[in-house]
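Visitor: One structure is given below, represented as structure tokens, and several questions about it will come after.
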Protein chains: 2
Amino acid sequence: MFRLSRAAEYAIRGVAHLADNKGGEVIESEKIAKAEGVPAAYLAKLFQALAKKGFVRSVRGPEGGFTLAMSPERISLLDIIEAVEGPIHLNDCLIRPGYCQRESICPVHDVWRGAQEKLLDYLKESNFADLVVSGRVKSMRARRKACGTK
Amino acid sequence: MFRLSRAAEYAIRGVAHLADNKGGEVIESEKIAKAEGVPAAYLAKLFQALAKKGFVRSVRGPEGGFTLAMSPERISLLDIIEAVEGPIHLNDCLIRPGYCQRESICPVHDVWRGAQEKLLDYLKESNFADLVVSGRVKSMRARRKACGTK
DNA sequence: TTGATTTAGGATAAAAGGGGTCTTGTTTAA
DNA sequence: TTAAACAAGACCCCTTTTATCCTAAATCAA
């Protein structure tokens, strides 16, 4: 159906929350979940996957929680999506060369490869540092508008 | 999960089969299904949707079947995908402006919009006339290779 | 007109995947 | 030692996908 899973949506919000945390202090997953409006238990599980992949660092025990494990500009949207969903293949024939027997004669195969390349490149270019910046700009604009000031 | 449905895959193969039929004669759905290696009953149902959308023309009765209802270069991959899957939205927030309350402050929204635009544009550009041509080139190459001739 | 053939449309069912909770265990600060 | 927090996995429910099947309607030919 060509659509982002909730899992990826939640994980992205969670990472964006950490990236927007200037001090870089540890934040517990429940607080992140509350702030981002996502199911806490589910987010906790998603963060496990992110921790395993090395994008976030987990701290156990009281005062525990999560922080980013690297600077936000080194983490792309694609990184997080693939961490929780697994690798993206627009079609099964793209899983690996030779997976589909029709590959050598199927003209659609090349179209999928091109489409996937375009999509992945785009998602690879979007990193969380940029996201935080444009998020701040957007919410500033929204606040100004709401207050009726210029 | 960001992947093409079988339904769309089958429908595309079916339309490609019709597009590759130079004479433009009516072909019954069962024959198309056999030739393309897809479930016959399922393909028949998918073609109903394509007929409703006006991409193929159906002929009932003996010697009945399907033909393209327009020239293949006027039909894009996106047309067929959306005919059987419905409109593509990479994320729910893209269903319509205002669907997501966070839209005015959410920085990810803009990324999705961009990604979707890129993907849809690409699929819109791929039409079945081109597909047939590159399919013929590919299978010619494959045949040559198999025979060991140059 | 009758019968054969083919699509139309809807009901239904099986399988898979997505979305989420819960329980139990482990780590660690106080 | 205790309580707070993550880790890991079992488990469940719901929706969607992927079909199949049956009856009806259209069409052609004998």
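Visitor: Scan region B:83-101 for residues that are in contact with a helix residue (DSSP H, G or I) (Cβ under 9 Å, 6 or more places away or on another chain) and part of a helix (DSSP H, G or I) and report the count.
Guide: Taking region B:83-101 and keeping what is in contact with a helix residue (DSSP H, G or I) (Cβ under 9 Å, 6 or more places away or on another chain), we get B:83-85, B:88-94, B:97, B:99-100.
From the residues that got through so far, the ones that are part of a helix (DSSP H, G or I) too are B:83-85, B:92-94.
Number of matching residues: 6.
Visitor: Taking region A:93-119, which residues are more than 8 Å from chain B (Cβ to nearest Cβ) and touching an Asp or Glu at 6+ places or on another chain (Cβ under 9 Å)?
Guide: Step one: list which residues in region A:93-119 are more than 8 Å from chain B (Cβ to nearest Cβ), which gives A:93-103, A:109, A:113, A:116-117.
Matches in region A:93-119: A:93, A:97, A:99, A:100, A:109.
Visitor: Hey, can you tell me all the residues within region A:5-34 that are under 27 Å from residue A:88 (Cβ atoms), away from DNA strand C (no atom under 16 Å from the Cβ) and assigned to a loop (DSSP other than H, G, I, E, B)? Give the steps one after another, and end with the answer.
Guide: First pass over region A:5-34, keeping only residues under 27 Å from residue A:88 (Cβ atoms): A:5-20, A:29, A:32-33.
Checking the rest, the ones that are also away from DNA strand C (no atom under 16 Å from the Cβ) come to A:15-20.
Correct list: A:20 only.
Visitor: Can you find, within region A:122-143, the residue that is nearest to the other protein chains (Cβ to nearest Cβ) among those that are in contact (Cβ under 8 Å) with a residue 60 or more places away in the chain and in contact with a Ser or Thr (Cβ under 9 Å, 6 or more places away or on another chain)?
Guide: A:128
Visitor: Please go through region A:41-66 and give me each residue that is more than 14 Å from residue A:26 (Cα to Cα) and within 7 Å of DNA strand C (Cβ to nearest atom), ordered by number.
Guide: Matches in region A:41-66: A:41, A:42, A:45.
Visitor: Does residue A:73 satisfy being farther than 27 Å from residue B:115 by Cβ and surrounded by fewer than 15 Cβ atoms within 10 Å (Cβ to Cβ)?
Guide: Working: farther than 27 Å from residue B:115 by Cβ: no; surrounded by fewer than 15 Cβ atoms within 10 Å (Cβ to Cβ): yes.
No: the conditions fail for residue A:73.
Visitor: Take the residues of region B:19-34 that are of a type outside the set (D, E, K, R) and within 13 Å of DNA strand D (Cβ to nearest atom): which is surrounded by the fewest Cβ atoms within 10 Å (Cβ to Cβ)? Don't jump to the end; show me each part of the working.
Guide: Taking region B:19-34 as the starting set, the residues that turn out to be of a type outside the set (D, E, K, R) are B:19, B:21, B:23-24, B:26-27, B:29, B:32-33.
Filter once more, so that each one left must be within 13 Å of DNA strand D (Cβ to nearest atom): B:26, B:29, B:33.
Details: B:26: 15, B:29: 22, B:33: 22.
Only one residue tops the list, namely B:26.
Visitor: Within the group B:54, B:37, B:114, which residue is touching a Lys or Arg at 6+ places or on another chain (Cβ under 9 Å) and either away from DNA strand D (no atom under 16 Å from the Cβ) or not polar (S, T, N, Q) (or both)?
Guide: Values: B:54 fails: touching a Lys or Arg at 6+ places or on another chain (Cβ under 9 Å); B:114 fails: touching a Lys or Arg at 6+ places or on another chain (Cβ under 9 Å).
After ruling out the rest, the residue left standing is B:37.
Visitor: From the list B:39, B:72, B:62, pick out the single residue that is farther than 30 Å from residue A:6 by Cα and either in contact with a helix residue (DSSP H, G or I) (Cβ under 6 Å, 6 or more places away or on another chain) or within 14 Å of another protein chain (Cβ to nearest Cβ) (or both).
Guide: Every option except B:72 fails the conditions.
Visitor: Could you list, in sequence order, all residues of region B:98-121 that are within 18 Å of residue A:134 (Cα to Cα) and either touching a residue at least 40 places away in the same chain (Cβ under 8 Å) or polar (S, T, N, Q) (or both)?
Guide: First pass over region B:98-121, keeping only residues within 18 Å of residue A:134 (Cα to Cα): B:100-115.
Once the filter is applied, which keeps residues that are within 18 Å of residue A:134 (Cα to Cα) and either touching a residue at least 40 places away in the same chain (Cβ under 8 Å) or polar (S, T, N, Q) (or both), region B:98-121 yields B:101, B:104.
Visitor: Yes or no: residue B:82 within 14 Å of chain A (Cβ to nearest Cβ) and surrounded by 14 or more Cβ atoms within 10 Å (Cβ to Cβ)?
Guide: So residue B:82 fits the description; yes.
Visitor: Failed condition for residue A:44, given (1) in contact with a Ser or Thr (Cβ under 6 Å, 6 or more places away or on another chain); (2) more than 12 Å from DNA strand D (Cβ to nearest atom), with all others met?
Guide: (2)
Visitor: I'd like to check something: does region A:67-81 contain any residue that is part of a loop (DSSP other than H, G, I, E, B), within 15 Å of the chain's Cα centre (by Cα) and within 11 Å of DNA strand C (Cβ to nearest atom)? So that I can check it myself, show each step before the final result.
Guide: Filtering region A:67-81 down to residues part of a loop (DSSP other than H, G, I, E, B) leaves A:69-71, A:75.
Add one more test, that the residue is within 15 Å of the chain's Cα centre (by Cα), and what stays is A:69-71, A:75.
Add one more test, that the residue is within 11 Å of DNA strand C (Cβ to nearest atom), and what stays is none.
Within region A:67-81, not a single residue is part of a loop (DSSP other than H, G, I, E, B), within 15 Å of the chain's Cα centre (by Cα) and within 11 Å of DNA strand C (Cβ to nearest atom).
Visitor: Right, next: For region A:1-36, which residues satisfy the criterion of being closer than 18 Å to residue A:126 by Cα, away from every other protein chain (no Cβ under 11 Å) and aliphatic (A, V, I, L, M)?
Guide: A:11, A:18
Visitor: A further question follows. How do the pairs read when you match residues in region A:35-46 that are assigned to a loop (DSSP other than H, G, I, E, B) with residues anywhere that are within 8 Å of DNA strand C (Cβ to nearest atom) and aromatic (Phe, Trp, Tyr), using Cβ under 7 Å and keeping only pairs 6 or more apart or on different chains?
Guide: Sorted first by the residue in region A:35-46, then by its partner, the pairs are A:38/A:10.
Quick note: the coordinates plus some simple rules give every number you see, no bench work behind them. Treat the numbers as computed from the prediction; the structure is a model and nothing was measured. Neighbour counts run over all protein chains shown; Cβ positions are idealised from the backbone, glycine included.
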